[in-house]
Amino acid sequence: MKFLVINGPNLNMLGTRNPEVYGSETLSDIENYITDHFPGHTFEFYQSNVEGELINKLQSCTELGIEAIVANFGAYTHTSVALRDALEAIEIPKIEVHLSNIHAREEFRERSLTGAVVHGIITGFGKQSYILGIQAAEQLSTTS
């Protein structure tokens, strides 16, 4: 199976930005953890701090042969109608993930605009959120 694991703003700062919230591992560490955990799958990893670049990547899923999306849009989760609209148009399994529990943080983080158009949201399990997201997408893929 081919996955797009897409990450939004500030996730390139993992390991140094608020380690008490996000942990001390870098985004590269998490990517390695994912590939080590799923040796039979292919992963395209993508991170951008720019909303339009994230949308362009989502819109390229068909031409890239992507079969499922695991997405952590960071702060755009709570603010981006444009990302929500891009996701809504994609029909492959889509799972939103978050390292921290967005419901245990500031009130504005509790609402996910993108969450309304994905198959599910996994939040609060650190890097394991990505693993659980991939497993959920696998399950959706086999039942569709």
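Derivation of every value follows stated rules applied to the coordinates shown; laboratory data play no part. Everything numeric here is computed off the predicted structure, so don't read it as measured data. Methodologically, a virtual Cβ is constructed for each residue, glycine included, from the backbone with ideal geometry; neighbour enumeration extends over all protein chains shown.
A few comments on the model shown:
- Whole-Hz couplings from phi, Karplus 6.51/-1.76/1.60, listed for region 61-70; x for Gly and Pro: 4, 4, 5, 8, x, 5, 9, 7, 10, 10
- Think of region 2-143 as a dipole: +1 on every Lys or Arg Cβ, -1 on every Asp or Glu Cβ, centred on the Cα centre; then among 99, 134, 27, 99 lies furthest on the positive end.
- Note, ³J(HN,Hα) from phi for region 78-86, Karplus 6.51, -1.76, 1.60, rounded to Hz, x at Gly and Pro: 9, 10, 9, 5, 5, 5, 4, 5, 5
- Evaluated with a Cβ-only charge set (Lys, Arg +1; Asp, Glu -1), region 2-143 carries a dipole of roughly 160 debye about its Cα centre, given to the nearest 20.
- Calculated from backbone phi, Karplus (6.51, -1.76, 1.60) coupling profile of region 91-102 in Hz, x at Gly/Pro: 9, 7, x, 9, 10, 8, 10, 9, 5, 9, 7, 5
- 222 nm mean residue ellipticity, helices alone, for the chain (DSSP H n ≥ 4; -39,500 (n - 2.57); rounded to 500): -10000 deg cm²/dmol
- Region 34-55-region 1-15 distance, computed between alpha-carbon centres (Å): 6 Å
- Residue 97 long-range amide H proximity, modeled H, under 5 Å: 71, 72, 73, 122
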